[in-house]
Amino acid sequence: MLKIIHMKVNGKETELAVDDRESLLDTLRNRLGLTGVKKGCEVGECGACTVLVNGEAVDSCIYLTMWADGKAVLTVEGLKSPGGELSLIQKAFIEEAAVQCGFCTPGLIMTAVEIVGTGKKYNREELKKLISGHLCRCTGYENILNAMERIVDETYRATHR
Amino acid sequence: MYDIKNYYEAKSAEDAVEALSKDPDSEIISGGTDVLIRMREGKDAGKSLVSIHNIEELKGVSVEEDGTVLIGPATSFSRLTNDPFIKEHMNVLGEAADTVGGPQIRNTGTIGGNICNGATSADTASTLLTFNAVVVLKGTDGTREIPLTEFYTGPGRTVRRQNEICIAIKIRKEDYEGWQGCYFKYGKRKAMEISTLGCAVRVKLSPDRKTIEDIRLAYGVAAPTPIRCRKAEDLVRGKETKEPHLTDLLADAALLEVNPRTSWRASKEFRLQLIHELCKRAMKEAVLKAGGELDA
């Protein structure tokens, strides 16, 4: 059944008519054209569809859109500045060559946003656990961890001066 | 699009019970990390869903005046792990919750779903058994309280009726105060894994930390349902921590109470070995955490 919901998507108040059987993944991709949210396994294993709902990373493929009614949703498209400049996290991924085919990248970046948002410092082992909900089939994990480590350190130092 | 017949977003626990009663073919969805996957695989396709996802009264941890802890069933694993009270008084439960799936799953999956699914592999179930947790169910005739030890009736089956919802998981003060515990999960990989075997041991030492005043042992995947090993506990209760081969005494006795099966994940023989070894390691860790010393 079609239902009207309200979400704040990437900072913008959005009113939408959605089917109540829809996943947030399908709503974001098909109704809002946010194709940075990738459709991978569709069973919550690969993490490619990760977005933030009220600041928490969730697999949008196993998250019903109805649950996001009244909440704030952030996708990779929402990270760039109004002037179109990439965020520090995105830049770190580029600088560390943490992107190969790029399919896992938007999801991993959203998890990085959640991690950086905690304001805590994490060592490499802890970071490995924190990204364990993502699969990179190019197996470029080393560079992804380098980027994560870099951005976590930089942010921590910037806020604890 | 999911193959859902009818979808209803419940406004309160009472509202959910009413909606479930109206449609006997409906089931509850909370975090959705199991229900939606079963639906995707076709197992639960075409069912009606009553969602309790956004009911705030079913979330969070609260403590009553007498120290009894009430865990809201719709509390996500990550909220549970990070809850200040859980961290301070029942850290082992937070640690067990932190072994479920991966970070995103733990942000949506709930402890109530973990229990009400009836899965023997539920990571929080064995630990909750060692807390003597009680499941509070709400139905059309009011509420009833079922000890977790009597909650499971078989693989994937519990005493919960179709139109009942879990409104709290209750733990008494004497079951957490002064205890220390450890949960070990064995899986083929470190994350995104259903446990091959899970073992929880909790101990309460005497004030001089030389005697095991009380001990509790529970397993996941060691039988068709999560189980407590009371006979093994009885053997070790009251013993001095320094008694030789104390962990072997517990682990040997546990082997007589379990009933693991062979599945594609592991053979019965391998599970029996895990049941013995993880028990020893978990007991050792629990005694160390409690400030005691073990001979073995």
Which one of these is at pLDDT 95 or above, surrounded by 24 or more Cβ atoms within 10 Å (Cβ to Cβ) and under 18 Å from the mean Cα position of the chain (by Cα): B:Leu49, B:Leu129? B:Leu129
Condition first: free of Cβ contacts under 8 Å to residues at least 40 places away in the same chain and not hydrophobic (A, V, I, L, M, F, W, C). Now tell me which residues in segment B:130-156 satisfy that. B:Asp141, B:Gly142, B:Thr143, B:Arg144, B:Glu145, B:Pro147, B:Glu150, B:Gly156
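Okay, residues lined up against (1) more than 30 Å from A:Ile131 (Cα to Cα); (2) surrounded by 14 or more Cβ atoms within 10 Å (Cβ to Cβ); (3) aromatic (Phe, Trp, Tyr); (4) not assigned by TED's automatic domain parsing to the domain that holds B:Lys280:
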{"position": "B:Gly142", "(1), (2), (3), (4)": "yes, no, no, yes"}
{"position": "B:Leu148", "(1), (2), (3), (4)": "yes, yes, no, yes"}
{"position": "B:Lys170", "(1), (2), (3), (4)": "yes, yes, no, yes"}
{"position": "B:Lys204", "(1), (2), (3), (4)": "yes, yes, no, no"}
{"position": "B:Ile215", "(1), (2), (3), (4)": "yes, yes, no, no"}
{"position": "B:Val221", "(1), (2), (3), (4)": "no, yes, no, no"}
{"position": "B:Pro224", "(1), (2), (3), (4)": "yes, yes, no, no"}
{"position": "B:Asp234", "(1), (2), (3), (4)": "yes, no, no, no"}
{"position": "B:Lys242", "(1), (2), (3), (4)": "yes, no, no, no"}
Identify the residue in segment A:114-149 that is assigned to a helix (DSSP H, G or I) and among the small types (Gly, Ala, Ser) and, among all such residues, is nearest to the other protein chains (Cβ to nearest Cβ). A:Gly117
Given (1) polar (S, T, N, Q); (2) assigned to a helix (DSSP H, G or I); (3) within 13 Å of chain A (Cβ to nearest Cβ), index of the condition B:Thr33 fails: (2)
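Take the conditions polar (S, T, N, Q), surrounded by 18 or more Cβ atoms within 10 Å (Cβ to Cβ) and over 30 Å from A:Ile5 (Cα atoms) and apply them to A:Ser132. Does it pass? Steps first, please.
Numbers: polar (S, T, N, Q): yes; surrounded by 18 or more Cβ atoms within 10 Å (Cβ to Cβ): yes; over 30 Å from A:Ile5 (Cα atoms): yes.
Yes; evaluated as a whole, the condition is true for this residue.
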Residues B:Gly109, B:Gly94, B:Gly118, B:Gly102: which one is within 12 Å of the chain's Cα centre (by Cα) and within 26 Å of A:Met110 (Cα to Cα)? B:Gly94
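Is it fair to say A:Ile62 is closer than 24 Å to A:Arg137 by Cα and facing chain B (nearest Cβ under 8 Å)? Steps first, please.
On the way: closer than 24 Å to A:Arg137 by Cα: yes; facing chain B (nearest Cβ under 8 Å): yes.
Yes: the conditions hold for A:Ile62.
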Residue list for segment A:23-45, restricted to those being within 13 Å of chain B (Cβ to nearest Cβ) and surrounded by fewer than 19 Cβ atoms within 10 Å (Cβ to Cβ): A:Asn30, A:Arg31, A:Lys39, A:Cys41, A:Glu42, A:Val43
Those residues that are free of Cβ contacts under 8 Å to residues at least 12 places away in the same chain and either assigned to a loop (DSSP other than H, G, I, E, B) or out of contact with any strand residue (DSSP E or B) (no Cβ under 8 Å at 6 or more places or on another chain) (or both), I need them from segment B:43-64; list them, please. B:Lys43, B:Glu56, B:Glu64
As an exercise: evaluate B:Glu27 against (1) surrounded by fewer than 22 Cβ atoms within 10 Å (Cβ to Cβ); (2) out of contact with any helix residue (DSSP H, G or I) (no Cβ under 6 Å at 6 or more places or on another chain); (3) without any contact (Cβ under 8 Å) to a residue 60 or more places away in the chain and give the number of the one condition it does not meet. (3)
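The values are calculated or read from the model by the stated rules, or taken from the named source; none is laboratory data. The shown structure was predicted, so the numbers you read here are calculated from the model rather than taken from an experiment. Note: ideal-geometry Cβ built from the backbone for every residue, glycine included; neighbour counts use all protein chains shown.
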